Amino acid sequence: MNKITGLLRTSALCLTLAAMAACDAEDFTRTAGDIPGKDDLANVGGVLRREKTPDQISALKLSEEQTTTDAVFYQLTQPAAADVTVTVDADATLVDEYNKDKQGDAKLTLFPLENVTFEGGKTLTVKRGEKTSPALTVTLSREGVEKGAYLLPLRATVANNDMSPSEKDQVIYYRILVGEIVPETQLDAYAFKIVGYVNTEEMNPLMGTKFYAETFDPDFNTITQTWIDIEVLRPAALKFDKTTRRAMLDIGPDLQYVLSNRDKYLMPLQKSSRKVLICITGGNTGLGFCNMTDEQTADFVFQLKYVVETYKLDGVNYFDIEASYGKDGMPGVNPASYAKLIKATKEALGDDKLVTVACDAESTDLLATAHDGIEAGKYIDYAWSGIFDKVVDAYADGAELKPIAGLEQSKYGGALLKTNNTQESAQLNPILTPLIKSLYRETQSGNVFAFWDMPTNSAGYEEGPKSAFNIVADAVTDWDWEYDGMILLINVTWDDRNYGNFTKDW
């Protein structure tokens, strides 16, 4: 469910009156902040609001044997000169009007009014001198309601004839999905993959077990599935040993601790069908994926296979950053090197393990064409953009990345998102959300969404990585069924949200 938190801000205006010196002109008196008189009520506006959000149209969901409650109140634009009485009730006549404005094929039907209860009656009162009324609780019951999509319009009617509030401000729409719970064995909530990177120098990999996606599918099934499909652990790097001239797989000490204690840190992830990979980057030694000899490649893949098999990992993620090509007189880039590495890795690990690639611009240019008869994409299970906080469809003309030769577009994802702080998210999320929505709805390149270094809850990051997750959740939600294959409603939830949860415990 798209959760939109409404924040009402009130500001106080302080007036300072300066005493003026006596003068011959006539005295005068100024007053400020008085309650409007009866004659002024015609200029007082009012709006029916939800406590949770200022949005006029809101989403709610109901599953079997479930009720849900919400709270509404009435707000004036100025303090009331006298008590203002408002009646809130369902208005069935607004359903047809709502459906006419929607472009999708789905038409919502009226939610059964016998399943709607107004706790304590339907009347709200704004007391004299106040601007808002107490809240009125509305309860919706699932009992006896067939699964489907419904609409419940609530209209406020002001009893004071002196007021003429805006008509549109008197209505709240609840879009209600009523679904049936699907048994866990049938879970298949969405077609795309969610990848979450975990930096083990800071975080505990078990955080990936705490995210769930609650969805409604087009058949109105209520589905709960793990949000993270693939967890990628780091740091690990390819480094050059000057003495032996070997390409060495260097596992960071924190990642090594996690691998050595796989029963505690990895098995819980894999029991829920998540895949656990290690991310390998360059090691700032001048040797990387793009300039290895055939002997170095074979040696490196042998080491990687040993690690994957010993610690029962599900595969590898290659990300060609921080190699420092050209450092200390190291060889230049060999266009065939990366493709050979990917092919050798897949052949060594086998079809039951994943070989994935985060695509940077330079190395992906090399992989865009076949080298020595090798189309690297034929040996890649999933690939995604390696450019942070940008949406890049590699299959679009003039894109910043090129498509990898031989890679099916259905295995590609055009976004790698960071979790930004509250201020940065406020600026970036409104830009990214429509771009990702377009990527998912209008192209074939929205099949993988990756999230870099998922953080814990902390000041400025109150929702941990969930703020970044919500960009994708919002983008793939299609309330009005305007696009095929969309999810009607998706809500990412997170257990254990206390500050500092799932920082490393070793």
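The values are calculated or read from the model by the stated rules, or taken from the named source; none is laboratory data. Everything numeric in this text was worked out from a predicted model, so none of it was measured. FYI the Cβ positions are ideal-geometry reconstructions off the backbone, even for glycines, and counts take in every protein chain you see.
For the range 115-174, what are the residues that are more than 13 Å from Val86 (Cβ to Cβ) and among the acidic types (Asp, Glu)?
Glu119, Glu143, Glu146, Asp162, Glu167
Applying the selection to the range 60-79, what residues are farther than 28 Å from Thr132 by Cα and of a type outside the set (A, V, I, L, M)?
Across the range 60-79, the qualifying residues are Ser63, Glu64, Glu65, Gln66.
For the range 260-269, how many residues meet the condition of being in a helix (DSSP H, G or I) and surrounded by fewer than 21 Cβ atoms within 10 Å (Cβ to Cβ)?
6
For the structure I just gave you, tell me whether Thr209 is polar (S, T, N, Q) and not in a helix (DSSP H, G or I).
Against the criterion (polar (S, T, N, Q) and not in a helix (DSSP H, G or I)), Thr209 does not qualify.
What number of residues within the range 224-267 are within 30 Å of Glu214 (Cβ to Cβ) and under 29 Å from the mean Cα position of the chain (by Cα)?
17
Here are some conditions: (1) among the charged types (D, E, K, R); (2) at pLDDT below 95; (3) within 23 Å of Phe502 (Cα to Cα). Asp328 meets all but one. Which one does it not meet?
So Asp328 meets the others, but not (3).
Which residue, of Thr297, Thr345, Thr293, is β-branched (Val, Ile, Thr), more than 26 Å from Gln270 (Cα to Cα) and crowded, with 17+ Cβ neighbours inside 10 Å?
It is Thr297.
Could you list, in sequence order, all residues of the range 340-365 that are within 17 Å of Tyr412 (Cα to Cα) and either β-branched (Val, Ile, Thr) or part of a helix (DSSP H, G or I) (or both)?
Correct list: Ile342, Val355, Thr356, Val357, Ala361, Ser363, Thr364, Asp365.
If the requirement is being loosely packed, with under 14 Cβ neighbours inside 10 Å, in the same structural domain as Gly196 (by TED's automatic domain parsing) and farther than 25 Å from Ala450 by Cβ, which of these qualifies: Gly350, Gly373?
Gly373
Could you give every pair whose Cβ atoms fall below 8 Å, whose first residue belongs to the range 204-217 and is farther than 13 Å from Val476 by Cβ, and whose second residue is part of a helix (DSSP H, G or I) and modelled with pLDDT under 80, counting only separations of at least 6 or pairs across chains?
Hits for this filter: Phe211/Lys466.
Taking the stated definitions as given, is Ala80 in contact (Cβ under 8 Å) with a residue 12 or more places away in the chain and not in a strand (DSSP E or B)?
Yes; evaluated as a whole, the condition is true for this residue.
Condition first: assigned to a loop (DSSP other than H, G, I, E, B), closer than 30 Å to Lys340 by Cα and modelled with pLDDT of 90 or more. Can you find one or more residues in the range 415-433 that meet it?
no
May I ask you to verify whether Gly315 is on the phi > 0 side of the Ramachandran plot and touching a Phe, Trp or Tyr at 6+ places or on another chain (Cβ under 8 Å)?
Criteria not met by Gly315.
If you take the residues in the range 349-399 that are over 24 Å from Glu231 (Cβ atoms) and among the acidic types (Asp, Glu), which one is farthest from the chain's Cα centre (by Cα)?
Out of the qualifying residues, it is Asp372.
Would you call Asp478 in contact with a helix residue (DSSP H, G or I) (Cβ under 9 Å, 6 or more places away or on another chain), among the acidic types (Asp, Glu) and either buried (at least 21 other Cβ atoms within 10 Å of the Cβ) or at pLDDT 85 or above (or both)?
Criteria met by Asp478.
Given (1) surrounded by fewer than 19 Cβ atoms within 10 Å (Cβ to Cβ); (2) part of a helix (DSSP H, G or I), where does Ser324 come up short, assuming only one miss?
(2)
Tell me which residues, restricted to the range 270-307, are over 30 Å from Thr224 (Cα atoms), touching a residue at least 24 places away in the same chain (Cβ under 8 Å) and in a helix (DSSP H, G or I).
Asp294, Gln296, Thr297, Ala298, Asp299, Phe300, Val301, Phe302, Gln303, Leu304, Lys305, Val307
Could we say that Asp162 is modelled with pLDDT under 90 and either in contact with a His (Cβ under 6 Å, 6 or more places away or on another chain) or not hydrophobic (A, V, I, L, M, F, W, C) (or both) here?
Spelling it out, Asp162 is indeed modelled with pLDDT under 90 and either in contact with a His (Cβ under 6 Å, 6 or more places away or on another chain) or not hydrophobic (A, V, I, L, M, F, W, C) (or both).
Among the residues of the range 434-454, what is the count of those that are in a loop (DSSP other than H, G, I, E, B) and surrounded by fewer than 24 Cβ atoms within 10 Å (Cβ to Cβ)?
Counting residues in the range 434-454 that are in a loop (DSSP other than H, G, I, E, B) and surrounded by fewer than 24 Cβ atoms within 10 Å (Cβ to Cβ) gives 4.
Quickly run through the range 186-213 and pick out the residues that are modelled with pLDDT of 75 or more and of a type in the set (Asp, Glu).
Glu201, Glu202
Please tell me if Glu146 is surrounded by fewer than 17 Cβ atoms within 10 Å (Cβ to Cβ), free of Cβ contacts under 8 Å to residues at least 60 places away in the same chain and closer than 23 Å to Thr477 by Cα.
Answer is yes for this residue.
Among the residues of the range 376-414, what is the count of those that are touching a Gly at 6+ places or on another chain (Cβ under 6 Å) and either assigned to a helix (DSSP H, G or I) or not assigned by TED's automatic domain parsing to the domain that holds Asp314 (or both)?
Going through the range 376-414 one residue at a time, the tally reaches 2.
Can you give me the ranges of the strands (runs of 3 or more DSSP E) entirely in the range 93-157 with at least 2 residues that are more than 27 Å from Glu180 (Cβ to Cβ) and in contact with an Asp or Glu (Cβ under 8 Å, 6 or more places away or on another chain)?
Output list reads 123-126.
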